[in-house]
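Following: one structure in structure tokens, then a few remarks.
A short reminder: the numbers here are calculations on the coordinates, not readings from a lab. Keep in mind that what you see is a predicted model, and the values were worked out from it rather than measured. Glycine also receives a Cβ, built like all others from the backbone with ideal geometry; neighbour counts cover every protein chain displayed.
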Amino acid sequence: MGDLSHQLRRALARAGDGKALSVDETEALLSARGERLLDLLGIAARLRELGHGTTVTYSRKVFIPLTMLCRDHCHYCTFAKPPARLDAPFLSPEEVVAIADAGRKLGCKEALFTLGDRPEDRYPEARAWLEERGYRSTLDYVRAMAITVIEETGLLPHLNPGVMSYEELARLKHVSASMGLMLETSSDRLSRKGGPHFGSPDKVPAVRLRTIEDAGRLAIPFTTGVLVGIAYNSVHPFIGVQMGIKGLVVMMLGGLGNVPGAVLGGLLLGILEVLGAGYLASSYRDAFAFGALVLILLVRPEGLLGLRTQRRD
């Protein structure tokens, strides 16, 4: 206990000085409770404001599904479709520009390119479509369309083309503002026979982690995340109820229809749960969310950043 306390104090001191932390020091910070946790939160807030200020920003994106073909067989996916259910394997350049331009006119600043992983490896139709137009791969076409969108509309491409090598990431870095890849899960069990990722080579966690790590080495602005509930072995009517309640709390805290409010609500709920778990017990984490919902409904039902509505007779 004494060694852990010393490691925690040292890690807090180094974090407060803005120094880079080792894995062991980061792990020590996870044990912070009570006053130490408040110290840690204060340091994190100060460093965040030092680097990014206090303004919460967001960027409107227009969705461009470049292709719905994919070589993987994710058994829960509702995005991917076989060639027989599509008019064409890929969106044409004209279709891409039309979608991007429509988004620009509505105030979008970014073009979110989403697509399946390397469909040419599975479908001859995709391979033939690319070859007829002079592209060696789907990633080549992604790069060309990113350039086209920049030149024709001025929107900034955000690319989600799936698993990529270091060299492929480096090639796309110069034609995009950011990229992304969902980690989805860290469990290899889901790739075994009978699992939702069986037959999906791009869903192996180590493969996806390698892409995410390579993006970090290339200093690419990168988004990722996990699929909550993907490891559930059964489906029942109440699955996800707790997550749904917390999502409702976040919206009510910030104010319905208020995007900055939703961000603020998420931060406040996270801080409330962390403080509650530190001072009381982690088993009450869900109760804190429910209590926050009741409180906001009683005190300010329109939310912290919501606008009061007046009824006119």
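Given the chain, what percent of its DSSP beta bridges are antiparallel, to the nearest 5?
Of the beta bridges lying entirely in the chain, close to 0 percent run antiparallel.
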Highest to lowest packing among 82-92, 242-252, 140-150, scored as the average C-beta count within 10 Å: 140-150, 242-252, 82-92
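Give me the orientation-averaged projected area of the Cα convex hull of the range 61-223, in nm², one decimal. Display every interim value, and only then the final one.
On the way: hull surface 37.9 nm².
Average projection, Cα convex hull of the range 61-223: 9.5 nm².
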message: Compute for the chain: radius of gyration divided by Kirkwood radius, i.e. Rg/Rh, restricted to C-alpha atoms, rounded to two decimals.
response: 1.01
message: Restricting to DSSP H runs of at least four residues, report the calculated mean residue ellipticity at 222 nm for the chain, -39500 (n - 2.57) per run over all residues, nearest 500 deg cm²/dmol.
response: -15500 deg cm²/dmol
- line: Computed over the chain: longest principal axis from alpha-carbon atoms vs helix 259-279 long axis, angle to nearest 10 degrees, is 50 degrees
Positive-end residue of Thr55, Ile150, Val241, charge dipole of the chain with Cβ unit charges: Val241
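State, as an integer percentage, the relative contact order of the range 241-299 based on alpha-carbon contacts under 8 Å between residues 6 or more apart. Working shown, then result.
Values: 53 pairs, mean separation 19.8, N = 59.
It rounds to 34 percent for the range 241-299.
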query: Looking at the range 61-223, how many pairs of lysines come closer than 24 Å at the Cα, when each pair is eight or more places apart or spans two chains?
result: 9
message: If I model a spin label as a point 7 Å beyond the Cα along the Cα-Cβ vector, how far apart are those points for Ser31 and Tyr279 in nm?
response: 2.3 nm
query: Under a 5 Å amide H to amide H cut-off, with H placed in plane at 1.01 Å, what residues pair with Glu184 once short-range neighbours are removed?
result: Gly225, Val226, Leu227
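Only Cα pairs under 8 Å and at least 6 apart count here; give the relative contact order of the chain as a rounded whole percent. Walk me through the numbers before you get to the answer.
Working: 409 pairs, mean separation 42.2, N = 313.
Normalised by residue count, the contact order of the chain is 13 percent.
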- line: Dipole check, the chain, charges on Cβ (K,R +1; D,E -1), about Cα centroid: among Leu40, Pro221, Tyr141 the Cα furthest to the positive pole belongs to Leu40
- request: Based solely on C-alpha atoms, express the radius of gyration and the Dmax of the range 241-299 in angstrom.
  value: 11.0, 33
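Please work out the Cα convex hull volume for the range 2-52 and give it in Å³ per residue. All intermediate terms of the calculation are to be shown ahead of the outcome.
Working: hull volume 3.4 nm³, N = 51.
Cα-based convex hull of the range 2-52, divided per residue, equals 67 Å³.
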- prompt: Under the Cβ-under-4.7 Å rule, which cysteines of the chain stay unpaired?
  reply: Cys70, Cys108
message: Charges on Cβ only, +1 for Lys and Arg, -1 for Asp and Glu, centred on the Cα centroid of the chain; of Thr185, Leu106, Ala11, which one is farthest towards the dipole's positive end?
response: Ala11
